[in-house]
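Below: the structure, in C-alpha cells.
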Amino acid sequence: MGLKVNIPPRATFYIWLDLSGLPQPLDNGLTFFEELLKEKTIVVPGIFFDINPSHRRDLFESSCHHFVRISFGPPLDVLDKGLDAIERVVKKMKHEGMESFGGDYAKSPIQLEFEQRWADVDSKVTEESKTIKEKVTGLLQKITT
C-alpha cells in the first residue's frame, strides 16, 4: 500500500501509521478515519493522543495530525478485513483522485451538541484566563514599581 510506519511497535499491539506521504486531505488523520468509517473500519486519529492542555494551539498544528493508530489486537481475520478496507481507500485515492475525499461529511446531532458544549467551556476558560492575567499583571505592576 506504500504507507509508512516510522517506529515499529515494541511491547504493544498498536501501530502508529504515518499518513504524511498521502495527498491532502487523506494525509489528515481525521479524514482518513472518516473515509475508513465508510468502509466499516476503525482507526484512531493521531490528534486524539496529542497532549494539548488548555487548547493552547490549533489541533491542525499538532505533530500527531498526520498519523492514525491501528490496533493489531483483534483476531487475524478481522485485521485482514481492516487492511482490505485501508487498501480500498488508498486505491480509490489513486484511481479516482482526491475530489471524493474529505468534503461530504454531515455533522451528527451529537457532534453539533458536543461542539456547542465545547464552545461554552472554551469561553469560560477564556474568561477565567483573562481574569488571572489581569491579576498577574496587577501583581507584576505592584512588584516592579
Alpha-carbon spread of segment 1-56, three principal axes, descending order, Å: 35, 28, 23
Sum of side-chain charges, Gly29 neighbourhood, beta-carbon under 13 Å (Lys, Arg +1; Asp, Glu -1): -4
Average accessible area per residue (Å²) across segment 1-100 - probe 1.4 Å, nucleic acids and ligands excluded: 63
Around Leu17: net Lys/Arg minus Asp/Glu count, Cβ-Cβ under 10 Å: +1
Partners for Lys135 among lysines (Cα-Cα distance below 27 Å; same-chain residues under 8 apart left out): Lys124
Reachable lysines from Lys130, criterion Cα separation under 25 angstrom, eight or more residues apart if same chain: Lys142
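The values are calculated or read from the model by the stated rules, or taken from the named source; none is laboratory data. In this text the structure is predicted, and so the values were computed from the model without any measurement. Because the Cβ atoms are built from the backbone with ideal geometry, glycine has one as well, and the counts that use them run over all protein chains shown. Ligands, DNA and RNA are stripped out before the accessible areas are found, and what is left, the full protein with its side chains, is counted by its heavy atoms. Shrake-Rupley method; radii C 1.70, N 1.55, O 1.52, S 1.80 Å.
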